[in-house]
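Below is one structure, written out as structure tokens; the observations come after it.
The values are calculated or read from the model by the stated rules, or taken from the named source; none is laboratory data. The structure displayed is predicted, hence computed values, not measured ones. Virtual Cβ from ideal backbone geometry, glycine too; neighbours counted across all protein chains shown. Protein only, heavy atoms only, side chains kept; ligands, DNA and RNA dropped before computing areas. Shrake-Rupley method; radii C 1.70, N 1.55, O 1.52, S 1.80 Å.
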Amino acid sequence: MPRESWVDSELHFMPHGYGHRMVSMVQVRYALQSSILPEMRTDLDKDVLDREWHLTSPVDLQPRHLNRSSRCEFELPTSAELLDGGVYIFQVRLGNGKNWSQWSHSSKPFIFQVPPPVVPTAASLKAQRTVNVEVMSATAARVVWGDFKPAPGLTMLEYEVRATPEKGTGSSQAFPPHWITFEHRYRGGFIEHELFNLLPFTYYIFSVQARYPKVGTRAWSGQQLSHPIILEPAVAYQDPPTPLPVPERAEEEGSGDSMNCYTIVEFPCEEEDMHYDLEYAHVLGDELDTAELRSINSLWRAPAEVTLLDLGRPGPSGGHPQPRWRVQLPDIRNLRGDVLKLALLQRVRFRLRARITPE
């Protein structure tokens, strides 16, 4: 019988036991007994945390709370502020809108834990690895991984992206790991973050792990590792060749929408078991090192096209002739309307990356 149908009526003041009231409410209380976390146990011993009983809000029983075996099941009210990692005991009592029963016997100890974020699998991401690393420069890398899935009801995640020098190398002992943390709202798919100020010629293992920023344990979970990555391989370099200007040809003068740049560079042909890769970078002075221009100048790049002109001629003092190559640099389309900035990017430097050809 609903409480509203008899409250403040004659039935409301009838003595208890006449059967005019039915059980319609349930209430829970809980007490913290211990914890799986050492720091929380220490707080209990120092009375920072108490072991007193805490009441929750009463819950009106509905038909959906009862199952065929006459058992009652319901969710704990949101007024129950449980600590992650705590060991609790519970008691319940029943009410009919007028009186409450005695408290039940205590339950078995229950460990309350917030489920950690779920790590996506490589199959669900349709990728070979859950963590991939893109080398940006000799001291910077971009880490890409699949978004961890939070527990139901949670959306915010806190990530730690870490670069650790591989064990067994000299750098692993001389230099500490480099890491960064940030908060992120779950959206699925891939996310990425960049790490700077890394060491060249050093093998790094990149890792990603997550936790919730405001709930759950403070320990990180779901660590995912990359394979060892070296940002700048230790290979031999030739001295930068000297670029020479190329006379403009008549057919190139009318291309108003083109900002192509050509130059001639001398460097040796490939030798046995050795291959050369030509790379270039823009040269900027310190006073011209703005964020916009620095983003263009952040990497050594491959030219748009390298064409062999001739095998060269021996110099006045003899020696082997150096082949001459025609090098075309790509367009700088995003600065095409800014003549001053384009002028600042006209100076470039070259280098040869020598690598051994695998057998």
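Key figures
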{"quantity": "Output for region 174-198, where each listed residue is surrounded by 12 or more Cβ atoms within 10 Å (Cβ to Cβ), aliphatic (A, V, I, L, M) and not in a strand (DSSP E or B)", "calculated": "198"}
{"quantity": "Filter result for residue 50 (at pLDDT 65 or above, under 42 Å from the mean Cα position of the chain (by Cα), over 21 Å from residue 100 (Cα atoms) and in a loop (DSSP other than H, G, I, E, B))", "calculated": "yes"}
{"quantity": "Complete set of residues in region 21-47 that are in a strand (DSSP E or B) and among the hydrophobic types (A, V, I, L, M, F, W, C)", "calculated": "25, 26, 28, 31, 32"}
{"quantity": "Complete set of residues in region 204-234 that are modelled with pLDDT under 85 and surrounded by 13 or more Cβ atoms within 10 Å (Cβ to Cβ)", "calculated": "215, 216, 217, 231, 232"}
{"quantity": "Residue 201 modelled with pLDDT of 60 or more and either open to solvent by 80 Å² or more (accessible area, probe 1.4 Å) or out of contact with any Leu (no Cβ under 6 Å at 6 or more places or on another chain) (or both)", "calculated": "yes"}
{"quantity": "Pairs with Cβ under 9 Å, 6+ apart, first in region 19-40 and modelled with pLDDT under 90, second open to solvent by 70 Å² or more (accessible area, probe 1.4 Å) and among the acidic types (Asp, Glu)", "calculated": "24/60; 25/60; 26/60"}
{"quantity": "In region 116-133, the residues that are surrounded by fewer than 17 Cβ atoms within 10 Å (Cβ to Cβ), without any contact (Cβ under 8 Å) to a residue 40 or more places away in the chain and not in a helix (DSSP H, G or I)", "calculated": "121, 126, 127, 128"}
{"quantity": "Hits in region 94-114 (condition: at pLDDT 90 or above and either buried (at least 17 other Cβ atoms within 10 Å of the Cβ) or not aromatic (Phe, Trp, Tyr) (or both))", "calculated": "102, 104, 105, 106, 107, 108, 109"}
{"quantity": "Selection status of residue 151, closer than 30 Å to residue 55 by Cα and either of a type in the set (A, V, I, L, M) or surrounded by 13 or more Cβ atoms within 10 Å (Cβ to Cβ) (or both)", "calculated": "yes"}
{"quantity": "Which listed residue is open to solvent by less than 50 Å² (accessible area, probe 1.4 Å) and more than 27 Å from residue 213 (Cα to Cα), from 74, 90", "calculated": "90"}
{"quantity": "Selection status of residue 94, of a type in the set (A, V, I, L, M, F, W, C) and within 19 Å of residue 37 (Cα to Cα)", "calculated": "no"}
